[in-house]
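Take a look at the structure below.
Since every read-out is calculated from the coordinates, none of them should be taken as a lab result. Note that this is a predicted model, so its numbers are computed, not measured. Here the Cβ is made from the backbone with ideal geometry for all residues, glycine too, and neighbour counts use every protein chain on show.
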Amino acid sequence: MIPNCNPGRLRMLFARAAQRAARMGSDEGTSLLEFAITGVVFFTVLTGAASFSLALYSMQQLSNATSSAIQSVSELRGITTDPCKAAVTSITGTLPNWTASKFTYTMWITDSTGTANKFGPTTGSGFSCTGGVADQTENYPVTLTVSYAYSWIPIVGLSPKSPLTATEGTMSY
């Protein structure tokens, strides 16, 4: 409270200030209001653009890592005892700063009869398919799908909930 002022005097001072502001007739108040409205819209669009740009960049990284992992699995046919673990090792090695528990892996290994055997979905780094070694056949496809629970930058309380997903398939060399 202002010293030596009673509430009646304060009401009178605020009333005079409001009357003076109403009589001014300048554009300063209008400009400030326009800036406040356009500023909010501008920063919302800017945050949205940054959020989607980061998500697209992360999606590209995940797709490249998944492609590298499936090539590694194809090259290791007949050598590795666990093709799924080889894929996990390749992806976590390519994306070391990503949280391993946010990955979900699914792998389809097609055997010589043409049957696609599914392994997963498994979340985290415990993805293993030692039984898949018997299904690996030269020149038959292997498909790997990797999803990552991506944390979006919230835009005015709105943010997508779907994970980033990359699927890659290949034939053995």
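For the reader, a short list of remarks on this structure follows.
- Between THR47 and GLU138, the FRET efficiency from the beta-carbon distance, with R0 = 41 Å, is close to 0.25.
- Reachable lysines from LYS118, criterion Cα separation under 17 angstrom, eight or more residues apart if same chain: LYS85
- When only the Cβ of Lys, Arg, Asp and Glu is charged (+1, +1, -1, -1), the dipole of the stretch 28-170 relative to its Cα centre reaches about 240 debye.
- Of ALA134, TYR57, VAL40, farthest towards positive along the dipole that unit charges on Lys, Arg, Asp, Glu beta carbons give the stretch 28-170: ALA134
- Between ALA116 and ILE79, the contour length at 0.36 nm per residue exceeds the alpha carbon distance by 11.3 nm.
- Packing, taken as the mean count of other beta carbons within 10 Å per residue, orders the peptides 102-112, 49-59 from highest to lowest as 102-112, 49-59.
- Ordering of 130-138, 38-46, 145-153, 63-71 by packing [mean C-beta count within 10 Å, highest first]: 63-71, 145-153, 130-138, 38-46
- Pairwise label distance in nanometres, LEU56 with VAL40, each label 7 Å out on the Cα-Cβ vector: 2.8 nm
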